[in-house]
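The structure under discussion appears below in the form of structure tokens.
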């Protein structure tokens with residue numbers, strides 16, 4: 001999934017369930033569930049060589065900037081406390097992808113990350129079809145905006 005989807009889902013869960021012992025496991029579970037849904041993201045094509053790592057990196061940085069903006073925009077009228085929950089939830093929602101970044105972009109994977117990344121990979125279902133891969137994410141973002 002796009003970082004936008006993962007960050008907004010994490011923010012949504014954290015603002016609706018602000019207790020970290022409940023929210024954090026739910027945010028992690030949502031990340032893996034969302035990756036299980038066939039999706040397109042900026043890393044699609046890295047493993048088969050149809051996308052350059054430099055292109056994916058540039059797109060990902062742009063997407064992270066958009067994610068920060070959207071979390072701010074969606075929860076800008078909330079209290080400072082709820083707003084901080086939103087940003088913390090957004091960050092937690094991206095942790096599994098952050099842990100994969102050294103392997104994906106630097107060809108370096110510390111031993112302790114290998115089992116985590118292998119587990120993550122079992123859930124990952126990318127599709128090169130942008131329409132099929134982006135449709136569930138657009139629906140998700142709209143639902144989060146309406147339900148926030």
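Derivation of every value follows stated rules applied to the coordinates shown; laboratory data play no part. All values reported here derive from a predicted model rather than from experimental measurement. Glycine also receives a Cβ, built like all others from the backbone with ideal geometry; neighbour counts cover every protein chain displayed.
Annotation for region 125-144: no member residue is on the phi > 0 side of the Ramachandran plot, surrounded by fewer than 17 Cβ atoms within 10 Å (Cβ to Cβ) and not in a helix (DSSP H, G or I).
Selection of region 101-116 for residues being without any contact (Cβ under 8 Å) to a residue 40 or more places away in the chain and either under 21 Å from residue 54 (Cα atoms) or not in a helix (DSSP H, G or I) (or both) yields 101, 102, 103, 106, 107, 108, 109, 110.
For region 93-102, does any single residue satisfy the condition of being in contact with a strand residue (DSSP E or B) (Cβ under 8 Å, 6 or more places away or on another chain) and over 21 Å from residue 14 (Cβ atoms)? Checking region 93-102: not a single residue is in contact with a strand residue (DSSP E or B) (Cβ under 8 Å, 6 or more places away or on another chain) and over 21 Å from residue 14 (Cβ atoms). When region 69-100 is limited to residues that are part of a helix (DSSP H, G or I) and exposed (fewer than 15 other Cβ atoms within 10 Å of the Cβ), the one that is nearest to the chain's Cα centre (by Cα) turns out to be 98.
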